[in-house]
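Asker: For reference, the structure I am asking about is given below.
The values are calculated or read from the model by the stated rules, or taken from the named source; none is laboratory data. Remember, predicted model here, so these are calculated numbers, not experimental data. Ideal geometry is used to build each Cβ from the backbone, glycine not excepted, and the neighbour counts take in all protein chains shown.
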């Protein structure tokens with residue numbers, strides 16, 4: 001079984017310019033995801049996948065492969081399904097794991113456990129996230145509580161699984177087949193919702209997020 005890690009990078013980030021290159025403890029943000037993939041010791045190959053050649057240096061510095069995807073798959077309107085499809089079409093694999101480059105506190109051990117759970121449960125597709133026992137609504141409609149009843153205790157609620165996207169994974173052949181039939185294939189057939197810890201779920205979307213994670217490195221995570 002050939003298991004490939006794919007760490008995507010896009011040069012045109014809108015909310016936080018060039019965030020994959022942002023400095024975190026003297027290293028570019030993306031390097032933490034690469035190092036997690038390396039230390040997990042579960043991947044046959046690891047790729048940085050980007051529309052911009054500037055990402056190649058990060059890959060080379062971390063001694064992993066670089067895949068230069070078409071520039072049209074680097075815009076803000078690009079769908080993740082299309083990025084995965086192009087990569088799977090070019091790189092031979094049985095399982096592809098998208099390791100999120102903006103989740104620097106996810107460790108190799110956590111990543112390995114996620115992949116192992118994917119394999120053990122024979123999932124076709126999976127996404128990481130966290131279960132939250134809290135009252136939730138969508139478009140003002142209750143999801144896990146009833147407004148006509150007494151206000152439920154949080155411990156009695158059905159937890160809501162909120163995606164963190166720390167890692168996502170697919171059986172490669174199943175992804176290709178589903179995409180060709182439906183033009184989409186992010187979550188399909190037997191879907192796994194794999195829970196990760198709080199630190200692993202933290203993502204950097206804004207400069208403020210990076211500041212928070214930097215503080216966690218100093219005061220919590222590395223102790």
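Asker: Select from region 1-22 the residues that are touching a helix residue (DSSP H, G or I) at 6+ places or on another chain (Cβ under 8 Å) and free of Cβ contacts under 8 Å to residues at least 60 places away in the same chain and list them in ascending order.
Answerer: If the condition is that a residue be touching a helix residue (DSSP H, G or I) at 6+ places or on another chain (Cβ under 8 Å) and free of Cβ contacts under 8 Å to residues at least 60 places away in the same chain, then 13, 21 are the ones that fit.
Asker: On the basis of being in contact (Cβ under 8 Å) with a residue 60 or more places away in the chain, in contact with a helix residue (DSSP H, G or I) (Cβ under 9 Å, 6 or more places away or on another chain), farther than 16 Å from residue 97 by Cβ and in a loop (DSSP other than H, G, I, E, B), does residue 42 make the cut?
Answerer: Numbers: in contact (Cβ under 8 Å) with a residue 60 or more places away in the chain: yes; in contact with a helix residue (DSSP H, G or I) (Cβ under 9 Å, 6 or more places away or on another chain): yes; farther than 16 Å from residue 97 by Cβ: no; in a loop (DSSP other than H, G, I, E, B): yes.
So residue 42 does not fit the description; no.
Asker: For residue 119, are the conditions met, namely being over 21 Å from residue 205 (Cα atoms), at pLDDT 95 or above and touching a helix residue (DSSP H, G or I) at 6+ places or on another chain (Cβ under 8 Å)?
Answerer: For residue 119, the condition - over 21 Å from residue 205 (Cα atoms), at pLDDT 95 or above and touching a helix residue (DSSP H, G or I) at 6+ places or on another chain (Cβ under 8 Å) - is not met.
Asker: Give 84, 97 a once-over and let me know the one that is buried (at least 17 other Cβ atoms within 10 Å of the Cβ), in a helix (DSSP H, G or I) and in contact with a strand residue (DSSP E or B) (Cβ under 9 Å, 6 or more places away or on another chain). Talk me through it step by step, then tell me what you get.
Answerer: Values: 97 fails: in a helix (DSSP H, G or I).
Criteria check complete, one pass: 84.
Asker: Now for a separate question. Please verify whether region 171-178 includes one or more residues that are part of a helix (DSSP H, G or I) and surrounded by fewer than 16 Cβ atoms within 10 Å (Cβ to Cβ).
Answerer: Pass one, region 171-178, residues part of a helix (DSSP H, G or I): 172-178.
Filter again for surrounded by fewer than 16 Cβ atoms within 10 Å (Cβ to Cβ), leaving 173, 177.
Among the residues of region 171-178, at least one is part of a helix (DSSP H, G or I) and surrounded by fewer than 16 Cβ atoms within 10 Å (Cβ to Cβ), which makes the answer yes.
Asker: Also, quick follow-up: Taking only region 170-186 into account, find how many residues are over 13 Å from residue 80 (Cβ atoms) and under 16 Å from the mean Cα position of the chain (by Cα).
Answerer: The qualifying residues number 1.
Asker: Restricting attention to region 23-33, and to residues there that are surrounded by 20 or more Cβ atoms within 10 Å (Cβ to Cβ) and free of Cβ contacts under 8 Å to residues at least 40 places away in the same chain, which single residue is farthest from residue 86 (Cα to Cα)?
Answerer: It comes out as 28.
Asker: If you don't mind, there's one more thing I want to ask. Test residue 182 against the criterion of being at positive phi and without any contact (Cβ under 8 Å) to a residue 40 or more places away in the chain, and give yes or no. Please lay out each step first, then the result.
Answerer: Values: at positive phi: no; without any contact (Cβ under 8 Å) to a residue 40 or more places away in the chain: yes.
Here the answer is no, as residue 182 does not meet what is asked.
Asker: Taking into account only those residues within region 48-57 that are touching a helix residue (DSSP H, G or I) at 6+ places or on another chain (Cβ under 6 Å) and closer than 18 Å to residue 97 by Cβ, which is surrounded by the most Cβ atoms within 10 Å (Cβ to Cβ)?
Answerer: Looking only at region 48-57, we keep the residues that are touching a helix residue (DSSP H, G or I) at 6+ places or on another chain (Cβ under 6 Å), and these are 48-49, 51.
Subset that is closer than 18 Å to residue 97 by Cβ: 48-49.
Details: 48: 29, 49: 26.
Ranking the qualifying residues of region 48-57, first place goes to 48.
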